[in-house]
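Undergrad: Once you've had a glance at the structure underneath, I'll fire off some questions.
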Amino acid sequence: MNVPFDKAVYLEGQDKKVGILLFHAYTGSTRDMNLLGRLLNRQGYNVLVPQFSGHDTQDIKSVLDFSPNIWRQEANDAYHWMLGQKFEHLLVFGLSLGGVMATDIISQKDFQGSGGGIFNAPVMTEEPINISNSFMHLGKFLASQRHDTETFVEEFDDILAGHWQQMKELEEIKEEIASQLVNVKVPFYIAQSGQDELIEPDDSYLLQDHLVNARIDFHYFPHNTHSIPTNRDRKAFEKSVLDFIKQVTQPF
C-alpha cells in the first residue's frame, strides 16, 4: 500500500482489525522501530512508522531545519491517516520524542484509538530536557563521517543554539500535554529503562502519577538503555508490548 508520507514504512498485516502507529526518536529514523514494527507485523498487525522531517541525515543541521511543532503536525497527520483506514483498533506508541508525540495524540479529548503508550519518553520531567552533549557528539560524529569536522567546529555555537531552541519548543509542547493528561481514559503502556543514558528513569513515575483516569501498564527494565526497541536484550520489552496490544484488542 502506498502511504502519503515521505520515507514512511508501512507494513500491511493479515489482521485488518488492528492498526499500530510507531513514532521514532529525536535524531533517529524509522530504523528505531524496524525490529518492533516487523515483530508486530508478523503477528498480523498493520504497522505505520512515519519519519519526521529532517531526520535520517548525515548532517545534524538537517534536524534543526524543522520545528518540533512541525513534527507534532506530522504525527497528527499520520494518526488521522490511520483513522481513515477504519481499523477496529488503533494504537499509538513512540520512543523518546516519538513518545511525547504519541502522548499528545492520545491525550486529545477526541482521541479515537484504543490505547497506546511510550518507550523511554520524557513526557513529564522534573527538569527541562538536556541532551545537548549527546546531540553535539552525534553532530561531530556525522561530520567526521563526511570528512567535514572543521566546518562543524566553526558552526558549533550556531548548531547548539538551534538545538536549544528546539528543546525550548519541545518543553512548551510538554506543558500543553501535561494539561491534557486528564483526558486519557484508554489503556496506556509505559516502558522505562533503568540504564537510560538520555533521560532520568524516575521521571516516568511522574507521568504515571498524572494519568489519573487511565489503566496503566508500567514496565521497568533495569538493564536496558534508551533505545530499547533496538537493544540486544529486548525480548522482555517486546513481549510486554505484544501482551499489552493483545489485552487491548482481545480483552476477552
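The values are calculated or read from the model by the stated rules, or taken from the named source; none is laboratory data. Remember, predicted model here, so these are calculated numbers, not experimental data. Reconstructed Cβ throughout: ideal geometry from the backbone, glycine too, with neighbour counts over all protein chains shown. Quick note on the areas: whole protein, heavy atoms, side chains included, nothing else; ligands and nucleic acids left out. Shrake-Rupley method; radii C 1.70, N 1.55, O 1.52, S 1.80 Å.
Undergrad: Within the range 238-252, how many residues are closer than 18 Å to Gly98 by Cβ and surrounded by fewer than 20 Cβ atoms within 10 Å (Cβ to Cβ)? Write out each step before concluding.
TA: So the first thing to find is which residues in the range 238-252 are closer than 18 Å to Gly98 by Cβ, and the list is 238, 240-241, 244-245.
If we keep only those that are surrounded by fewer than 20 Cβ atoms within 10 Å (Cβ to Cβ) too, we end up with 238, 240.
Counting residues in the range 238-252 that are closer than 18 Å to Gly98 by Cβ and surrounded by fewer than 20 Cβ atoms within 10 Å (Cβ to Cβ) gives 2.
Undergrad: Pairs needed: first member in the range 35-55, in contact (Cβ under 8 Å) with a residue 40 or more places away in the chain; second member anywhere, hydroxyl-bearing (Ser, Thr, Tyr) and open to solvent by less than 10 Å² (accessible area, probe 1.4 Å); C-beta distance under 7 Å; at least 6 residues apart or different chains.
TA: If the second residue must be hydroxyl-bearing (Ser, Thr, Tyr) and open to solvent by less than 10 Å² (accessible area, probe 1.4 Å), the pairs left are Gln51/Ser29.
Undergrad: Sticking with this one: Six or more apart or on different chains, Cβ under 8 Å: which pairs go from a residue in the range 218-243 that's within 14 Å of Ala121 (Cα to Cα) to one that's assigned to a strand (DSSP E or B) and β-branched (Val, Ile, Thr)? Could you list them?
TA: Phe218/Ile190; His219/Ile190
Undergrad: Quick check: anything in the range 48-65 over 30 Å from Ile131 (Cα atoms) and open to solvent by 10 Å² or more (accessible area, probe 1.4 Å)?
TA: No: the range 48-65 contains no residue that is over 30 Å from Ile131 (Cα atoms) and open to solvent by 10 Å² or more (accessible area, probe 1.4 Å).
Undergrad: Pairs only if they're at least six apart or on different chains, beta carbon under 8 angstrom, first in the range 1-17 and free of Cβ contacts under 8 Å to residues at least 40 places away in the same chain and outside any strand (DSSP E or B), second hydroxyl-bearing (Ser, Thr, Tyr) and surrounded by 14 or more Cβ atoms within 10 Å (Cβ to Cβ); list them, first residue then second.
TA: Qualifying pairs under 8 Å: Met1/Tyr10; Gly13/Tyr45; Asp15/Tyr45.
Undergrad: Pairs needed: first member in the range 178-194, part of a loop (DSSP other than H, G, I, E, B) and charged (D, E, K, R); second member anywhere, modelled with pLDDT of 95 or more and surrounded by fewer than 16 Cβ atoms within 10 Å (Cβ to Cβ); C-beta distance under 7 Å; at least 6 residues apart or different chains.
TA: The qualifying pairs are Lys185/Asn213.
Undergrad: Restricting to the range 153-164, name every residue that is open to solvent by less than 80 Å² (accessible area, probe 1.4 Å) and either free of Cβ contacts under 8 Å to residues at least 40 places away in the same chain or not in a helix (DSSP H, G or I) (or both).
TA: The answer is Glu155, Phe156, Leu160, Ala161.
Undergrad: If Gln73 passes every condition in (1) at negative phi; (2) open to solvent by 10 Å² or more (accessible area, probe 1.4 Å); (3) in contact (Cβ under 8 Å) with a residue 40 or more places away in the chain but one, which one does it miss?
TA: For Gln73, the failing item is (3).
Undergrad: I need the full set of residues from the range 32-60 which are outside any loop (DSSP other than H, G, I, E, B), under 15 Å from the mean Cα position of the chain (by Cα) and not β-branched (Val, Ile, Thr), in order please.
TA: The answer is Asp32, Met33, Asn34, Leu35, Leu36, Gly37, Leu48.
Undergrad: Has the range 72-93 got at least one residue that is within 19 Å of Thr225 (Cβ to Cβ) and modelled with pLDDT of 95 or more?
TA: Yes: one or more hits.
Undergrad: Only one of these is of a type in the set (A, V, I, L, M, F, W, C), touching an Asp or Glu at 6+ places or on another chain (Cβ under 7 Å) and farther than 25 Å from Gly139 by Cα: Leu11, Leu36. Name it.
TA: None of the other options fit; the residue is Leu36.
Undergrad: Condition check: more than 29 Å from Asp59 (Cα to Cα), modelled with pLDDT of 95 or more, of a type in the set (Asp, Glu) and part of a helix (DSSP H, G or I). Does Glu172 satisfy that?
TA: Details: more than 29 Å from Asp59 (Cα to Cα): no; modelled with pLDDT of 95 or more: yes; of a type in the set (Asp, Glu): yes; part of a helix (DSSP H, G or I): yes.
No; evaluated as a whole, the condition is false for this residue.
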